[in-house]
1. Near Y161, within a Cβ-to-Cβ distance under 10 Å, what is the net charge of the other residues, with Lys and Arg +1 and Asp and Glu -1?
2. Using 1/(1 + (r/R0)^6) with R0 = 30 angstrom and r between the beta carbons of S47 and F67, what's the FRET efficiency to the nearest 0.05?
3. What distance in nm separates the simple spin-label points at H159 and M26, each placed 7 Å from Cα in the Cβ direction?
4. Within 10 Å, count the other beta carbons around each residue, average over each peptide in 154-161, 204-211, and list them highest first.
5. Per residue, how much accessible area does the stretch 67-226 have with a 1.4 Å probe, in Å²?
6. Between 0 and 90 degrees, rounded to the nearest ten: what's the tilt of helix 48-68 against the longest Cα principal axis of the chain?
7. Accessible area of the chain with a 1.4 Å probe: how many percent of it is carbon plus sulfur?
8. Go ahead and run the numbers for FRET between Y97 and F139, Cβ-Cβ distance against an R0 of 25 Å, rounding to 0.05.
Amino acid sequence: MNESMTYGGYGTAERDRTHTLFAQTMGYVAVTTGFFALGAYLGRNLSHGWAFVWYIVAFVCLIAMNFAVRRSAALSVVLLLIVGLGLGLALAPTLAYYASMNPQVLWQAGGATALFIAGFGAAGYATRRDLSAIARLCFWALVALIVFGIVLIFVRIPHGYLIYSVLGLVIFAGLTMFDFQRLRRSTDLASAPLIAASIFLDALNVFLFFLRIFSRSDNLRRSVSR
């Protein structure tokens with residue numbers, strides 16, 4: 001009886017840590033998204049040169065998080081927020097362009113992203129199947145997609161950017177499921193900032209893919225109406 005109570009107490013403590021990790025991680029994602037929005041607002045008049053600088057800042061902070069997370073939880077959280085702010089500043093000129101052309105496209109992409117992350121995140125969180133193999137496949141598929149994107153800069157392919165965006169959504173569907181499964185399986189509270197960074201980057205990339213798709217559809221509708 002004492003043994004069953006011990007195992008029961010251990011299971012309850014593990015579930016509590018999982019719930020706490022989930023709450024912390026999603027809280028970090030929400031705050032990072034807020035810093036991203038702040039950066040996008042503050043940097044709406046930035047030049048593309050400065051935007052590139054902020055890309056580098058965000059990338060360096062992402063790398064630094066991997067070293068800081070075990071040494072200082074507070075530092076890793078600060079770095080996460082800088083990543084959100086830096087990416088907001090980096091993408092500010094792009095988002096300002098879309099806002100000037102058709103603000104509705106931003107809202108459509110944001111709503112589609114929320115549904116996408118919620119749906120595939122819930123699927124990944126609930127599934128019992130190990131998604132590590134899918135994550136590895138998606139990683140190499142992402143590398144191939146980046147190469148495809150570089151090719152599109154120099155070679156005109158019919159509907160190339162639409163294909164690029166759809167493939168990107170497929171890849172990040174798998175990565176989102178894996179990150180949420182990782183969130184459910186982990187009980188290490190120190191991992192919350194790193195998992196939050198992964199989920200935030202999933203959502204950001206999904207948002208950008210949807211933004212390309214919706215803006216392309218809007219441009220097509222305008223050209224047809226003319």
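1. Summing Lys and Arg as +1 and Asp and Glu as -1 gives +2.
2. My answer for the efficiency is 0.45.
3. Result: 3.7 nm between the two label points.
4. 204-211, 154-161
5. 53
6. Orientation of helix 48-68: about 10 degrees from the principal axis.
7. 69
8. Once the sixth-power term is evaluated, E becomes 0.25.
The values are calculated or read from the model by the stated rules, or taken from the named source; none is laboratory data. Source: prediction; values computed, not measured. Cβ coordinates were reconstructed from backbone atoms using ideal geometry, including for glycine residues, and neighbour counts include every protein chain displayed. In case anyone asks, the SASA skips ligands and DNA or RNA and just uses the protein heavy atoms, side chains included. Shrake-Rupley method; radii C 1.70, N 1.55, O 1.52, S 1.80 Å.
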